[in-house]
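Okay, structure first, notes after.
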Amino acid sequence: MTATQDLDSLCRATPSCAGIALLTGEPLALVAQGGAPTAAGWASWAEAVEAAVALRHEPPIACSEAMLRSSQALVLLESRPEGVVVVVMSLGKATAGLALAQARVAAGKAASSLPAAAASGGAP
Amino acid sequence: MGLFTMFAKLAEPPPPGTGAWRIHTSDGHEGVVLMEAGRVCWANHDAANRLSDEIERRYGVSHATIEQVIRSCRESGKPFGASLVEEGSITAKQLTAALRDHTCRSILALVKAGVYQCDWVPHQGAGYAPETTISLAQTVSSCVALIKGLAPEEMERSLEVMLGGEAPGMLLHADSRLPLASSQKMLGWTEMRSWLTWALRVEAACKLSSRGFVAGRGAAGGWIIWRCGALVGLAVAHGEDAQRRLQLRVSAALPTWTCPEPVDKPA
């Protein structure tokens, strides 16, 4: 299975998950994705890349995790040595607390694909 | 010099940062900005109202009382405002409000008159109470708020609802990209400039909705950026516990948080 197929399955298996993406490299680039980021108000994953780049560029305090909240969605951006995992959760049914916990579990699982994705540069 | 260019200059008084900036304006007048330990105590310009007149107008302190306090301050070298508080004519809170308003209006009058030179004159501190002085970040934000027709203290109060007095932070106007309030917790000039740029970039990239926020956490602490209408807030917490408290405070307050916003004037 490719990383994208893995992420599609992981996204479907995670309640309220709308999309998962892996970003690696310098500059950060999308290497694999499952689902879509539209619940977060992003037209494409390219906008998730822009957000991740902005968050990592000279913040007041370096953070390994960023959480974006709107009334509709919760987005978790988790930084790992090999790259960034982005998990978009739809807040239709889930509470924010539960969605965050589920997003963290999904990010942990997706992160296992990061080293391979980073090594292959995202090629299937 | 514009407002921010002048403040960039004022932000670099030689250590220990106690003295006066003598400010020359193109209209041939002079102004002064007094500082103690890098904080702004008082500013004046010929074109601005006198602080004593402002206190008389605001709080109804008699002209005779003011004159008498001025005379005794000349003899003792004590600051005028602190002496008024000491002898019970006004409260410390009233003094802080009047001083800040007078200082910011004087600085705006200086900028309007065309600042072309700032000279530093070091001197001994006059003993301004720290609570009556404001940081440069607070001063410039208050000046911007006044230009936008907002009450600086009201803006700061709204900001502190989020900061809880323990985190440095600021409120920004997303459209003009200018600061409208800065925290009571010390925020340095360089920090303010770099945080402002970063927060606005993140806010735009994350496409925050009104009453949405983005929060980061790490081993050393974290930060939170929130949006409400045209306002963008940023707060930074040092330490994991402080970050957790900050995030809880902001996420709980944000749905009902209120703060005055600049109103666009018709062209």
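Taken together, the values in this text are just the output of simple stated rules run on the coordinates, not laboratory data. In this text the structure is predicted, and so the values were computed from the model without any measurement. Positions of Cβ are backbone-derived with ideal geometry, glycine not excepted, and every protein chain shown enters the neighbour counts.
Among (1) surrounded by 18 or more Cβ atoms within 10 Å (Cβ to Cβ); (2) part of a helix (DSSP H, G or I), where does B:T197 come up short?
So B:T197 meets the others, but not (1).
Suppose we filter A:A96, A:A106, A:A66, A:A32 for residues that are surrounded by 18 or more Cβ atoms within 10 Å (Cβ to Cβ) and closer than 30 Å to B:W195 by Cβ; which single one remains?
Answer to the selection: A:A66.
Here is a list: B:S52, B:S83, B:S26. Which entry is surrounded by fewer than 16 Cβ atoms within 10 Å (Cβ to Cβ) and polar (S, T, N, Q)?
Values: B:S52 fails: surrounded by fewer than 16 Cβ atoms within 10 Å (Cβ to Cβ); B:S83 fails: surrounded by fewer than 16 Cβ atoms within 10 Å (Cβ to Cβ).
After applying the criteria, what remains is B:S26.
Taking into account only those residues within the stretch B:212-230 that are more than 7 Å from chain A (Cβ to nearest Cβ) and part of a loop (DSSP other than H, G, I, E, B), which is surrounded by the most Cβ atoms within 10 Å (Cβ to Cβ)? Give the derivation first.
Start the filter on the stretch B:212-230 by keeping residues that are more than 7 Å from chain A (Cβ to nearest Cβ), which leaves B:219, B:224-230.
Those left that are additionally part of a loop (DSSP other than H, G, I, E, B): B:219, B:229-230.
On the way: B:A219: 11, B:G229: 13, B:A230: 16.
Checked the stretch B:212-230; the qualifying residue surrounded by the most Cβ atoms within 10 Å (Cβ to Cβ) is B:A230.
Quickly run through the stretch B:35-63 and pick out the residues that are part of a loop (DSSP other than H, G, I, E, B) and among the acidic types (D, E). Talk me through it step by step, then tell me what you get.
Narrowing the stretch B:35-63 to residues part of a loop (DSSP other than H, G, I, E, B): B:37-38, B:46-50, B:60-62.
Matches in the stretch B:35-63: B:D46 only.
Under 9 Å between Cβ atoms, at least 6 apart or on separate chains: pull out the pairs that start in the stretch A:72-86 with a residue that is farther than 13 Å from A:R56 by Cα and end on any residue that is basic (K, R).
A:V75/A:R69; A:L76/A:R104
Determine which single condition B:S142 fails, assuming it passes every other condition in (1) in contact (Cβ under 8 Å) with a residue 60 or more places away in the chain; (2) crowded, with 17+ Cβ neighbours inside 10 Å.
Every condition holds for B:S142 apart from (1).
Filter the stretch A:1-53 down to the residues that are in contact with a Gly (Cβ under 9 Å, 6 or more places away or on another chain), among the hydroxyl-bearing types (S, T, Y) and closer than 21 Å to A:A101 by Cβ and list them by number.
Those that are in contact with a Gly (Cβ under 9 Å, 6 or more places away or on another chain), among the hydroxyl-bearing types (S, T, Y) and closer than 21 Å to A:A101 by Cβ: A:S9, A:S16.
For the stretch B:231-246, how many residues are crowded, with 21+ Cβ neighbours inside 10 Å and either more than 9 Å from chain A (Cβ to nearest Cβ) or not in a strand (DSSP E or B) (or both)? Write out each step before concluding.
Applying the first criterion (crowded, with 21+ Cβ neighbours inside 10 Å) to the stretch B:231-246 yields B:231-237, B:243, B:246.
If we keep only those that are either more than 9 Å from chain A (Cβ to nearest Cβ) or not in a strand (DSSP E or B) (or both) too, we end up with B:231-233, B:235, B:243, B:246.
Residues that pass the stated criteria total 6.
Out of all the residues in the stretch B:211-245, which are of a type outside the set (D, E, K, R) and within 16 Å of A:G97 (Cα to Cα)?
Applying the first criterion (of a type outside the set (D, E, K, R)) to the stretch B:211-245 yields B:212-216, B:218-226, B:228-239, B:242-243.
Within the stretch B:211-245, B:G212, B:F213, B:V214, B:A215, B:G216 qualify.
Take residues that are closer than 21 Å to B:K207 by Cβ and within 11 Å of chain B (Cβ to nearest Cβ) and tell me which of the helices (runs of 4 or more DSSP H) falling wholly in the stretch A:11-124 contain 3 or more. Break it down into steps so the answer makes sense when it comes.
Values: elements: A:45-56, A:96-111, A:114-120.
Those helices (runs of 4 or more DSSP H) span A:45-56.
If only one of B:S83, B:S72 is small (G, A, S), in contact with a helix residue (DSSP H, G or I) (Cβ under 9 Å, 6 or more places away or on another chain) and closer than 30 Å to B:K185 by Cβ, which one is it? Let's see the steps before the verdict.
On the way: B:S72 fails: closer than 30 Å to B:K185 by Cβ.
Among B:S83, B:S72, only B:S83 is small (G, A, S), in contact with a helix residue (DSSP H, G or I) (Cβ under 9 Å, 6 or more places away or on another chain) and closer than 30 Å to B:K185 by Cβ.
What about B:V263, is it among the β-branched types (V, I, T) and not in a helix (DSSP H, G or I)? Even if it seems obvious, please write down each step before you answer.
Details: among the β-branched types (V, I, T): yes; not in a helix (DSSP H, G or I): yes.
Yes: the conditions hold for B:V263.
Which pairs do you get when a residue that is crowded, with 21+ Cβ neighbours inside 10 Å, found in the stretch A:8-22, comes within reach of a residue that is in a loop (DSSP other than H, G, I, E, B), reach meaning Cβ atoms under 7 angstrom, with the pair 6+ apart or on two chains?
A:A18/A:A36; A:G19/A:A36; A:G19/A:P37; A:L22/A:S113
Across the stretch B:1-34, what is the number of residues that are part of a strand (DSSP E or B), touching a residue at least 40 places away in the same chain (Cβ under 8 Å) and within 18 Å of the chain's Cα centre (by Cα)?
Filtering the stretch B:1-34 for residues part of a strand (DSSP E or B) gives B:19-25, B:30-34.
So of that shortlist, the ones also touching a residue at least 40 places away in the same chain (Cβ under 8 Å) come out as B:19-25, B:31, B:33-34.
Within this subset, residues satisfying the condition of being within 18 Å of the chain's Cα centre (by Cα) are B:20-21, B:33-34.
So the answer is 4.
Tell me which residues, restricted to the stretch B:183-210, are of a type in the set (S, T, N, Q) and within 14 Å of another protein chain (Cβ to nearest Cβ). Explain how you work it out, then say what you get.
Going through the stretch B:183-210, the residues of a type in the set (S, T, N, Q) turn out to be B:183-184, B:190, B:194, B:197, B:209-210.
Scanning the stretch B:183-210 gives B:S183, B:T190, B:S194, B:T197, B:S209, B:S210.
Is it fair to say B:S176 is under 25 Å from the mean Cα position of the chain (by Cα), crowded, with 23+ Cβ neighbours inside 10 Å and of a type outside the set (A, V, I, L, M, F, W, C)?
It is false that B:S176 is under 25 Å from the mean Cα position of the chain (by Cα), crowded, with 23+ Cβ neighbours inside 10 Å and of a type outside the set (A, V, I, L, M, F, W, C).
Among the residues of the stretch B:211-267, count how many are of a type in the set (S, T, Y) and touching a residue at least 24 places away in the same chain (Cβ under 8 Å).
Applying the first criterion (of a type in the set (S, T, Y)) to the stretch B:211-267 yields B:251, B:256, B:258.
Next, only the ones that are touching a residue at least 24 places away in the same chain (Cβ under 8 Å) stay: B:251, B:258.
The number of residues fulfilling the criteria is 2.
Can you find a residue that is part of a loop (DSSP other than H, G, I, E, B) and either loosely packed, with under 13 Cβ neighbours inside 10 Å or without any contact (Cβ under 8 Å) to a residue 12 or more places away in the chain (or both) anywhere in the stretch B:91-100? Lay out the reasoning, then the answer.
Applying the first criterion (part of a loop (DSSP other than H, G, I, E, B)) to the stretch B:91-100 yields B:91.
Going one step further and asking which of them are either loosely packed, with under 13 Cβ neighbours inside 10 Å or without any contact (Cβ under 8 Å) to a residue 12 or more places away in the chain (or both), we end up with B:91.
Yes, some residue in the stretch B:91-100 is part of a loop (DSSP other than H, G, I, E, B) and either loosely packed, with under 13 Cβ neighbours inside 10 Å or without any contact (Cβ under 8 Å) to a residue 12 or more places away in the chain (or both).
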